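What follows draws every value from the coordinates through simple rules; no lab data is involved. Source: prediction; values computed, not measured. Don't worry about glycine lacking a Cβ; one is built from the backbone with ideal geometry, like all the others, and counts go over all protein chains shown.
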């Protein structure tokens, strides 16, 4: 078992895991490692480290903005691997690289997976690779002991959910609403998410289930993840950084928000 699987094994039946998405190199190149370590101290169980790309088709304006800033800051794949290595000097928190296939193809799929393993990465989420085309990376990921995590959404058929369950390692990422990433009003999300998660639990039986897209508070997390193993927060985190950076104490404000997501106020 790798760090992701161990994290789910060690969690109690009543606890919900919290996975946090952070765009590598946002808001600046020097902040990423400190933010990851601070997130862990304030309740994060898993980190999804975004690999910035110029055309993030699954992401809304918030994460698009953070990707643009990171690219302008000079982020590269090598710098991302270096950030993971720095985290590994102090932490064993599971780290998943999340991003699009284009930069991976440009880097070289086999080389990318090998470098990710060397740096201390535990898994990959590539939203624009459908299950049918997963063969382009699955074996290389397996060879490098990287968990490849697929996504399902409310418009995913029962059969495809079962396929995602068979192909995924670590957990299955459940997109709670159709559309791009972004914080939403709780009522919009909660109306349909319970029916969706009931269907997910029927079809996904091999992997834990993590729910993301639209969570912006502890109350959202409790509601949306009530029948799941945990929840994922991204856009609300980036919005909090945008609101506070570079004001004095911006990291403290961010860590306080992270703590409130996991434990409530």
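Region 93-180: Rg/Rh from Cα coordinates, Kirkwood Rh?
Rg/Rh: 0.96.
Report the Cα-based extents of region 57-98 along its three principal axes, largest first, to the nearest Å.
Largest first, region 57-98 extends 33, 20, 13 Å along its Cα principal axes.
For region 74-117 and region 1-38, what is the centre-to-centre distance using only Cα atoms, to the nearest Å?
14
Once you have the alpha carbon radius of gyration of region 1-124, what is it after dividing by 2.2 N^0.38 Å, with N set to its residue count? Could you put the intermediate results ahead of the total?
Working: Rg = 14.2 Å, N = 124, 2.2 N^0.38 = 13.7 Å.
For region 1-124, the normalised Cα radius of gyration comes out at 1.04.
Based on a Kirkwood Rh over C-alpha pairs, give the Stokes-Einstein translational diffusion coefficient of the chain at 10 °C and viscosity 1.306 mPa s in µm²/s.
87
What is the diffusion coefficient of region 70-121 in µm²/s, taking the Kirkwood radius over Cα pairs and the Stokes-Einstein relation at 10 °C with a viscosity of 1.306 mPa s?
My calculation gives 136 µm²/s for D.
Ranked highest first by the average count of other Cβ atoms within 10 Å around their residues, in what order do 50-56, 99-105 fall?
50-56, 99-105
Specify the residue with the greatest mean-square fluctuation among 137, 63, 36, computed from a Gaussian network of the chain linking alpha-carbon atoms under 10 Å apart.
137
Suppose only helical runs count, i.e. DSSP H with n ≥ 4. What mean residue ellipticity at 222 nm does that imply for the chain under -39500 (n - 2.57) per run, divided by all residues and rounded to the nearest 500 deg cm²/dmol? Before the final figure, lay out each step's value.
Values: 12 runs with 125 residues, N = 265.
Theoretical 222 nm ellipticity from helices: -14000 deg cm²/dmol.
Which semi-axes, in whole Å and largest first, does the equivalent ellipsoid of region 199-265 have when worked out from the alpha carbon gyration tensor as the square roots of 5 times its eigenvalues?
Computed over region 199-265, the values are 29, 11, 9 Å.
Given R₀ = 25 Å, FRET efficiency for residue 34-residue 142 by Cβ-Cβ distance, to 0.05?
0.20
For the chain, with a Gaussian network of springs between Cα atoms less than 10 Å apart, report the residue from 86, 198, 110 with the top mean-square fluctuation.
Evaluated over the chain, the most mobile residue of the options is 198.
Let me have the relative contact order for the chain, percent, based on Cα pairs under 8 Å that are six or more residues apart.
Answer for the chain is 21 percent.
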